[in-house]
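First up is the structure itself, then whatever we jot down about it.
Throughout, read-outs are computed from the coordinates displayed, never taken from laboratory work. This is a predicted model, so every value here is computed, not measured. So basically every Cβ, Gly included, is an ideal-geometry build from the backbone, and we count neighbours across all protein chains shown.
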Protein chains: 2
Amino acid sequence: MIGENLKKNNGRGPFCISESLVKRLSRYHRTLESVAGLGVTYIASRELAEYNWVTSAQVRKDLSSFGNFGKRGMGYPVEGLKQELEQILGLDRRWSVVLVGVGNIGRALLAFGEFRHRGFDIVACFDIDPKKIGHGLRGIPIHHFDDLPDLVKQHGAEIGIIAVPTVSAQEVCNRLLDAGIRAILNFAPVRLEVPDGVTVRYEDMSIELEALSFALTSGRSV
Amino acid sequence: MIGENLKKNNGRGPFCISESLVKRLSRYHRTLESVAGLGVTYIASRELAEYNWVTSAQVRKDLSSFGNFGKRGMGYPVEGLKQELEQILGLDRRWSVVLVGVGNIGRALLAFGEFRHRGFDIVACFDIDPKKIGHGLRGIPIHHFDDLPDLVKQHGAEIGIIAVPTVSAQEVCNRLLDAGIRAILNFAPVRLEVPDGVTVRYEDMSIELEALSFALTSGRSV
DNA sequence: AATTGTGAACCTCTTCACAGCT
DNA sequence: AGCTGTGAAGAGGTTCACAATT
C-alpha cells in the first residue's frame, strides 16, 4: 500500500504501509540486534534475507523505501541500520501501555516479560470486577475501569491492550479512544470500529490453531 | 496462492492456500456460530462481509473456492455453511496438542481457556527444568522433554506449540518432527526449518506492539 | 569484485460487473 | 427482485535483472 516513494514523503502524509512491510522491518531489526552482539559491522541484504526467509531483493526494496542506508559493494552498516530502523519503528524510546481486562489473557500478558524487554511497559491495568481491584499483579496495580481516563493521562500512556470478552471489546475501545489512546492491540476476536488516525492490531491465537487444523485436515500447507 | 479451482482438486493435491483466506474462513465460521445462536437461518454474503470487514465479492469468492454453498436470491444456509466450514477447517473434531516450554508464555497458554473452547486440548506439556517436572498446571502434567515421543504417541497428539527461548526453538522443532508432529505453532521469534508437508504458524505478540509503535511514530496507519 | 538501488515484469489477491438461478 | 458464482479487470506486493557505486 505504499502510495509513492516514501523517501519523498518522509514521515509525512497519510500513506498506508503494508502490514507485512512493517513486520519485516521489525524482524530485520531483531536480526541486526543479534548480529551486532557478535561484532559484525556490515551485513549484506542476502544475509539479512536468509535470516528472515525473504529474498535479498525484498530486503533492499524494503529498506530503500525509507532511505539509502547501504554501501554498494559492502552491504549495510549493522549499527547504523539498527538505529535507522529504531527511529523508523519508534523503538528508540519506551512506550507506556494500559491493559484492560485481567482475565486469563490479561494475566498471561502481565506475566509475559517480553513486552517490557522490547520497550513496552504495562503501567496500569483495569477491570470491572470489584474483587480484582487493588490486588496488584507483578507490581502493576489493578484499577477500576472507570479510572481509566485519569490514569492514562497520569502515565502518558499511548497504547491500549484490549483483553476483555468479545461483547465488551467495542465499548472498551470507545473508552480508550475517549481517553486519548490512538493505538490498540485487540485480543478479542472482533473487528473494532475506529476513526481515521487510530491503528488497531488484532491478535488471535485460536485462529492460528485453526489454520493448523485446516492444514492437517486438507493436507495443504498454509 | 490458490493454484487452480479447488473444487476440481477437492482435498487432494499439494495446493497452497493463502494465509488470509484460511483466516477469513475461520472468521466466517465464528460469525455463523454467533448468528446461528440468534435463530437466523439464511445469511447473505453482504452481511457476512460486514461482520468481517471485507467485501461481499470476497466472501463469495472465498466460499466458491470450496463449493457452491449458497442459494441465489436467498443467501447461504447458516447451519449448512457452518458445517461445511467445520469440515473444511477440520473443526468437526477435537485436536490433541502438546506444549513445549512452561515459562511465561507456556503458563499463559495453559491459563488461556479459549483453546479448549475452540476444540484444542493441551494434553501434555514439557520442560527441561527438573524443578518444574511433575507439578501439574490446571490438571495438565509437566513432563521432561525427553518423554515427548512416548507421550505424543500415547495421546495421539498432532499439534505442537513451541514456547521456549529462541535459541532452543529449532532443536525443539526437530524433536517434535521426530515424534511425528506435522503442525506447529511457534511463539519463538525465529523462522523454523521444516520439511515439506509440515505447517508452521508464527505467533509474535511483540511484533504487533512494534507495528503500533511504528504507526504512532510515523503517523501512518498500518 | 561485490553489492546496492530500482524500473520493469511478474504474480497473487481483491474488486467489479454481470450472467444465471431461485 | 434478490443474491450467488465467476470471468475479467484492477491493485498491490514481490522478484528479476541490471545500471550505478564503492
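Some notes on this structure:
- P(r) of chain A over all Cα-Cα pairs, binned every 5 Å from zero, in whole percent: 1, 6, 12, 14, 15, 14, 13, 11, 8, 4, 1, 0, 0
- Low-density loop positions, chymotrypsin sites (Phe, Trp or Tyr not before Pro), the range A:38-69 - DSSP coil, at most 16 other Cβ in 10 Å: A:53, A:69
- Between helix B:205-218 and chain B there is an angle of about 60 degrees, using the helix long axis and the longest principal axis of the Cα atoms.
- For the cross-link pairs B:132/B:153; A:82/A:132; A:23/B:132; A:23/A:71; A:131/A:153, the ones whose C-alpha atoms lie over 31 Å apart are A:82/A:132; A:23/B:132.
- Most fluctuating residue given options A:177, A:32, A:209, as computed from a GNM of chain A linking Cα atoms under 10 Å: A:209
- Cα-derived Rg over Rh, computed across the protein assembly as shown with Rh taken as Kirkwood radius: 0.96
- Contact order, relative form, for the range B:114-160: 31 percent (alpha carbon pairs under 8 Å, 6 or more residues apart, mean separation divided by residue count).
- Each label was represented as a point 7 Å from its Cα along the Cα-to-Cβ direction; for residue A:174 and residue B:55 these points are 3.1 nm apart.
- Placing unit charges on each Cβ (+1 for Lys and Arg, -1 for Asp and Glu) gives the protein assembly as shown a dipole about its Cα centre, and among A:219, B:106, B:119 the Cα reaching farthest toward its positive end belongs to A:219.
- Springs between Cα atoms under 10 Å define the GNM used for chain B, and in it the highest mean-square fluctuation of B:113, B:39, B:80 occurs at B:39.
- Amide hydrogen proximity for residue B:76: with H placed 1.01 Å from N in the peptide plane, the residues at 5 or more positions away or on another chain lying under 5 Å are B:43, B:44, B:45, B:71.
- Check: the range A:64-222 dipole with +1 on Lys, Arg Cβ and -1 on Asp, Glu Cβ, in debye: 500
- Calculated mean residue ellipticity, 222 nm, the protein assembly as shown: -12500 deg cm²/dmol, from DSSP H runs (n ≥ 4) at -39500 (n - 2.57) each, averaged per residue and rounded to 500.
- Rounded FRET efficiency, nearest 0.05, which uses the C-beta distance separating residue A:133 from residue A:20 and R0 of 41 Å: 0.50
- Residues listed by number, the range B:34-51, amide nitrogen under 12 Å from residue A:193 label point at 7 Å toward C-beta: B:51
- Projecting label points 7 angstrom from Cα along Cα→Cβ for residue A:46 and residue B:79 puts them 6.2 nm apart.
- Spacing of the modelled spin labels on residue A:150 and residue B:117, each 7 Å from Cα toward Cβ, amounts to 3.1 nm.
- Low-density loop positions, GluC sites (Glu not before Pro), the range B:74-148 - DSSP coil, at most 11 other Cβ in 10 Å: none
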